[in-house]
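Novice: First the structure, which I've put down as structure tokens, then a few questions once you've had a look.
Nothing in this text is a laboratory measurement; each read-out follows from the coordinates by a stated rule. This is a predicted model, so every value here is computed, not measured. All Cβ positions, glycine included, derive from the backbone under ideal geometry; neighbour counts span all protein chains shown.
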Amino acid sequence: MKRILFSLSALLVSLSTLSGCSFLEVEELGKSDTDTFFTELSGLRTARIGLYSVTYDFYDQYLCKYAEVAGDNLQSVVVGSGSEMYDVYNFTSTPDLETTSVGYIWKRGYTIITNANTILYYTDDLKTAYPNDVDEIRHIEAEAYFLRALAHFDLVRCYAQPYGYTEDASHLGIPIADHLLGTDELIARSSVKKVYEQIVKDLNTAHDILGDAAPSDAHYVSGMACNALLARVYLYMGNYILAEEYADKVIPQLTLTPNGSYAAMFTGEKTGEEAIFRLTGYYAGHSLKTFYNYESAAYVPTSDFESLFESSDVRLQLIQAPDQSRACMKYYDLSSSVPDEQFYNITVLRGSEMYLIRAEARCNKATPDLDGAADDLRKIRARARNVPESSIVILNANADELMKEIKLERRKELFAEGHRFFDLARWGDDIVRPDDTNSAMKHLKYPDYRYALPISRVEMDANSAMVQNEGY
């Protein structure tokens, strides 16, 4: 029976014994083993849904929280070592904290990768067995390549220093799992450069199958999503020419969600015109909803962050609860009063980010296009304030001045969507929290070993090829 490695250190389990962390979140398989499961096209279809499910779980429970709590936009409501994300908030993570973000981000990220690799392992045989369904099978292959790339990208953001930490990105990244690992196979950490090369390779492979098509349903991977993620990846690499090029591919295909329905694309059932890729919240655990629930929130926006918004800014609605207290409302469904009918979608890629990527790339390339960058920024601000673009004044006398404006707009526009800490890291910026923040860490100066999480103790003990991050 084929055995599947669910994290690199990993408990090795056959598909027939999985529960709650793989395809079985969707459908119980009884005593079927992996090979039997994938002899039928129905098995592949179920595996596809399971792959999306574990990706949603990863973002819902860990990634979006980590990116915000480790940044400078939030403050904890509950003080104490037992509070959620306590060690992330105070930068006290250690390898022994295996049941926190330290261990779980790693384990769940590689669960996504393993499920994607399992799908890719069996698709060639299924194409032979189902020649009339090759197009569908190839589409599922593309989704697997995309989600494998996304998971590698998120993991390297969490467990490695940013791409520009060394001049050639030769510093330690994460293990690359580009195939279904055997029971005795141990893989070492690759350089950050090699990890990014694998991410780009997977996204290009997915794009070759899907083309440039816009999504017919933004809850599933599309060619447009491949281009959008490539734009983000190249921005993180500091390749501003390609970041602009891929953002250019996406922007003509989308329309920014209008001011009047902006909040509803987070708090209602409408996906929003600018959606590129979202993870659906139907039948999910709603961890982010509980985390940010304004009636009992674990973390709320800081007063300093709230003060960044003008009173006319539509985005202010998403950091204030109905009672006007500070709260993140991006994961709170206001479209239904029936708890079982409430849901939320997690935004992975949307149009606003593409304009911000292009603005940053134009500002930082060898020959800056400051006017073009300012135009991109102007669109985001005009929509937020519901005013004509011509009325928006952007300070762009030089690249440094304009870059400050771009950083500010990313902070406001992409709040709680999985960006802030990673943005600060890739910019090489310090983390500076307001004095009234109750974190023990008010100022983390870049560079610092704590800009990357430690590898968990269980992984270090089980994998002799593993090397710990510096400082831990």
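Novice: Relative to the longest principal axis of the C-alpha atoms of the chain, give the angle of the C-alpha long axis of helix 41-58, reported between 0 and 90° and rounded to the nearest 10°.
Specialist: Between helix and principal axis, roughly 40 degrees.
Novice: Check the straight Cα-Cα distances from Lys445 and name the lysines below 20 Å, setting aside those fewer than 8 residues away within the same chain.
Specialist: Within reach: Lys404, Lys407.
Novice: Apply the a/c threshold of 1.5 to the C-alpha gyration tensor of the chain and tell me whether it is rounded, prolate or oblate.
Specialist: Cα axes put the chain in the rounded bin.
Novice: Under 8 Å for C-alpha pairs, at least 6 residues apart: give me the relative contact order for segment 66-156, rounded to a whole percent.
Specialist: 25 percent
Novice: List, in order, the whole-Hz ³J(HN,Hα) value for each residue of segment 306-312 obtained from phi through the Karplus relation with A = 6.51, B = -1.76, C = 1.60 and θ = phi - 60°; use x for Gly and Pro.
Specialist: In residue order, the calculated couplings are 4, 5, 6, 9, 6, 4, 8 Hz.
Novice: While we're looking at this one, here's another question. With r as the distance between the Cβ atoms of Gln468 and Glu389 and R0 = 30 Å, compute the FRET efficiency 1/(1 + (r/R0)^6) and round to 0.05.
Specialist: E(calc), rounded to 0.05, equals 0.05.
Novice: How far is helix 351-364 tilted, in degrees, relative to the longest principal axis of the Cα atoms in the chain, given as a value from 0 to 90 rounded to the nearest 10?
Specialist: Between helix and principal axis, roughly 70 degrees.
Novice: In whole Hz and in residue order, list the ³J(HN,Hα) couplings for segment 203-218 that follow from phi through the Karplus curve 6.51 cos²θ - 1.76 cosθ + 1.60, θ = phi - 60°; x for Gly and Pro.
Specialist: With the stated coefficients, segment 203-218 comes to 5, 5, 5, 4, 5, 4, 7, 8, x, 9, 4, 6, x, 7, 9, 5 Hz.
Novice: For helix 399-413, report the angle its Cα long axis makes with the longest principal axis of the Cα atoms of the chain; keep it between 0 and 90° and round to the nearest 10°.
Specialist: 70 degrees
Novice: Do the alpha carbons of any pairs in Lys289/Lys365; Lys270/Lys379; Lys289/Lys412; Lys65/Lys127; Lys249/Lys412 sit beyond 31 Å of each other, and which pairs?
Specialist: In this structure, Lys289/Lys365; Lys65/Lys127 exceed 31 Å between Cα atoms.
Novice: Multiplying the sequence separation of Thr94 and Val77 by 0.36 nm and subtracting their Cα-Cα distance, what value in nm do you get?
Specialist: 3.8 nm
Novice: Which of rounded, prolate, oblate describes segment 425-467, given a ≥ b ≥ c as roots of the alpha-carbon gyration tensor eigenvalues and a/c under 1.5 marking rounded, otherwise prolate only if a/b is larger than b/c?
Specialist: Taking the square roots of the gyration eigenvalues as a ≥ b ≥ c, segment 425-467 is oblate.
Novice: What dipole magnitude, in Debye to the nearest 20, does the chain give about its Cα centre under +1 on Lys/Arg Cβ and -1 on Asp/Glu Cβ?
Specialist: 460 debye
Novice: Now for a different question. Taking Cα centroids, how far is segment 191-270 from segment 386-404 in Å?
Specialist: 25 Å
Novice: Charges at C-beta only: +1 for Lys and Arg, -1 for Asp and Glu. How large is the resulting dipole of segment 250-403 about its Cα centre, in Debye rounded to 20?
Specialist: 220 debye
Novice: I've got another one for you. Of the options Val432, Leu453, Gly260, report the single residue whose Cα projects farthest towards the positive end of the charge dipole of the chain (beta-carbon charges: Lys, Arg +1; Asp, Glu -1).
Specialist: Val432
Novice: Now for a separate question. Restrict the search to segment 288-357; then list the GluC sites (Glu not before Pro) that DSSP places in a loop and that have at most 16 other Cβ atoms within 10 Å of their Cβ.
Specialist: Glu295, Glu310
Novice: OK, next. Using Cα pairs under 8 angstrom and six or more residues apart, how large is the relative contact order of segment 264-416, in percent?
Specialist: Worked out over segment 264-416, it gives 24 percent.
Novice: Let me ask something additional. What longest region of the chain stays clear of trypsin sites (Lys or Arg not before Pro) that DSSP places outside H, G, I, E and B and that have at most 11 other Cβ atoms within 10 Å?
Specialist: Excluding the exposed sites themselves, the longest stretch runs over 32-444.
Novice: What shape does segment 81-140 take by its C-alpha gyration tensor, where a ≥ b ≥ c are the square roots of the eigenvalues and a/c under 1.5 counts as rounded, a/b above b/c as prolate, and the rest as oblate?
Specialist: In terms of gyration-tensor shape, prolate.
Novice: Distance between the C-alpha centers of segment 54-110 and segment 116-170? Whole Å please.
Specialist: Spelled out, the Cα-based centre of one part sits 25 Å from the other.
Novice: Run the helix sum for the chain: -39,500 (n - 2.57) per DSSP H stretch of 4+ residues, divided by residue count, reported at 222 nm to the nearest 500 deg cm²/dmol.
Specialist: Taken over the chain, the calculation gives -13500 deg cm²/dmol.
Novice: With each label point set 7 Å from Cα along the Cα-Cβ vector, what nm distance links Lys442 and Lys407?
Specialist: According to this spin-label approximation, the distance is 2.0 nm.
Novice: Taking the Cα-to-Cβ direction at Lys365 and at Asp435 and moving 7 Å from each Cα, how far apart do the two end points lie in nm?
Specialist: 4.4 nm
Novice: Now a separate question. Explain nothing, just the number: relative contact order of the chain, from Cα pairs under 8 Å at least 6 residues apart, as a whole percent.
Specialist: 20 percent
Novice: Okay, next question. Run the simple label-point estimate for Val338 and Ser312 please: 7 Å along Cα→C-beta, distance reported in nm.
Specialist: For the pair Val338/Ser312, the computed spacing is 4.0 nm.
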